[in-house]
1. With the condition being open to solvent by less than 10 Å² (accessible area, probe 1.4 Å) and under 15 Å from ALA336 (Cα atoms), I'd like the helices (runs of 4 or more DSSP H) fully within the stretch 1-106 carrying at least 3 qualifying residues.
2. Can you name every residue in the stretch 112-122 that is under 20 Å from SER316 (Cβ atoms) and open to solvent by 10 Å² or more (accessible area, probe 1.4 Å)?
3. Looking at LEU228 and the list (1) of a type in the set (A, V, I, L, M); (2) at pLDDT below 50; (3) within 18 Å of MET91 (Cα to Cα), which single condition is not satisfied?
4. So which residues in the stretch 35-67 are within 17 Å of GLN78 (Cα to Cα), modelled with pLDDT of 80 or more and among the β-branched types (Val, Ile, Thr)?
5. Show the residue pairs that are 6+ apart or on different chains and have beta-carbon atoms under 6 Å apart, the first residue being within the stretch 387-403 and among the β-branched types (Val, Ile, Thr), the second being in a helix (DSSP H, G or I) and open to solvent by 40 Å² or more (accessible area, probe 1.4 Å).
6. With (1) in a helix (DSSP H, G or I); (2) modelled with pLDDT under 80 as the list, and LEU351 as the residue in question, which single condition is left unmet?
7. Can you tell me which residues in the stretch 370-393 are surrounded by 12 or more Cβ atoms within 10 Å (Cβ to Cβ) and aliphatic (A, V, I, L, M)?
8. Would you please list the contacts, defined by Cβ atoms under 9 Å and residues six or more apart or on different chains, that run from a residue in the stretch 11-22 that is closer than 18 Å to ALA309 by Cα and basic (Lys, Arg) to a residue that is open to solvent by 40 Å² or more (accessible area, probe 1.4 Å) and outside any helix (DSSP H, G or I)?
Amino acid sequence: ESGSVAECLASFLPAFVVWPVWAYVMQKNDLWGEAFTRFYPMSLAMVAGCLIAGSTPLGGAVVAFPTAVLILKFDPAQGRDFAVLIQSVGMVAAAYLIGYRKRHLVDAWIAGVSIFANIFGILLGFELEVPGFWINVCYMTSTLLFAGLLMYKHACNTVPAAATANAFDAVRGMAATASTNVWRDSCQFDDLEGFAHTVARPSVKRHPSPESFDGVVTAGHPADATRLSLSSVVGGSRAVEEGHLSPKQHAGLTFGLLCCGVAGGFLSSKTGSGADMLSYVFGVFLYNSVAPKSLPESALAATSVVVMAACSVVVSVLRLVQGDISRDVYLCWSAALWIVVLGAPIGSLMLTPSREALCRRVFYVVALAQFVIFAVLQVRGNALAWTWIAVSAHLVLVVVLLH
């Protein structure tokens, strides 16, 4: 029992540190009534926002920014300030818990390169002035399109369970009847899951699975040996070599990640979110399409949490140094701070397949609802804004078709 208490204290240490300081400041300055009377909608909204922040490739800004702008009537700069301040607590707490209990999920290369590029995007964003209306348009559009990409990604990977089980049985039978040692020693069945899905529904494109089945192949293959996927052999298609990335592939991925990082940093400097979305998009549509071993969604989500936590701290520090954050932003922050410092880490514990699905559905609803509200209240008949939205949607559609 003492061990479980110690584990709980260690896991949620940021909350236990922040709560007494927050309560002292609120009491010392008599802020309870003013903060919660005016900004209780943000407290309610962040109950959902902090869970989404900790368990999906999205920061709490996906709820905080539209709530601040559309409901509390903050201007985009104030919405950005609140988003990064709240994430500098919630996302950092979630990143701490991931580092403490699930550090194996974080891809250090993607996180490191992303954060490095994010810095330049953030600095660029602070130097370039963008009208508030267009910040809102870009944010709402990017969030909705990202929801579409996420839905596409999971729709394409959905296979009927019965069909997949039958395919697995068939593959196991084939592997069990392999009669020669040459067959077993020359092929490594590391794409058994992908082949089963292909048999179940051939139209679905699958990436190689990072897992293999124990007992199907013999151990002892060197890590850098060329491997032949079972789907290529049985399907009769061209063999796919899977080893280390070539220098050209690595350079291409690095360049792509740097571009995504700069763009994500720029968006984060304007809206408080974006770096996490683009790091996830890079992982799904670029890295997993090229790398020998795909990263699972939970790893990409955990990595995006770390990336967004770092970006939020950087933007918050820059805004604090500039010294013009409004008092309303601080009051709104104090009304939600106590929730997210605990809720975001709890959200990171939901990085399991069944719970991820629930959080994704919540995000789909939030993304669609906030876009519709923004379109009705602010975009209305603005032809240029609708043209931008349509062009962006068509570009994403092209990416999907090419993928």
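1. On the way: elements: 2-11, 13-28, 32-55, 61-66, 76-101.
It comes to 32-55, 61-66, 76-101.
2. Within the stretch 112-122, the first condition is being under 20 Å from SER316 (Cβ atoms), and the residues that meet it are 114-122.
The answer is ILE115, PHE116, ILE119, PHE120.
3. The number of the failed condition is (3).
4. VAL63, THR67 - these are the residues of the stretch 35-67 that are within 17 Å of GLN78 (Cα to Cα), modelled with pLDDT of 80 or more and among the β-branched types (Val, Ile, Thr).
5. VAL400/TYR152
6. For LEU351, the exception is condition (1).
7. Of all residues in the stretch 370-393, those surrounded by 12 or more Cβ atoms within 10 Å (Cβ to Cβ) come to 370-375, 378-379, 382, 385-386, 388-389, 392-393.
Listed by number, the residues that qualify are VAL372, ILE373, ALA375, VAL379, ALA385, ILE389, ALA393.
8. none
The values are calculated or read from the model by the stated rules, or taken from the named source; none is laboratory data. Nothing here was measured: the structure is a model prediction, and the numbers come from that model. Virtual Cβ from ideal backbone geometry, glycine too; neighbours counted across all protein chains shown. Each accessible area value is taken on the protein alone, full model and side chains, heavy atoms only, with ligands, DNA and RNA left out. Shrake-Rupley method; radii C 1.70, N 1.55, O 1.52, S 1.80 Å.
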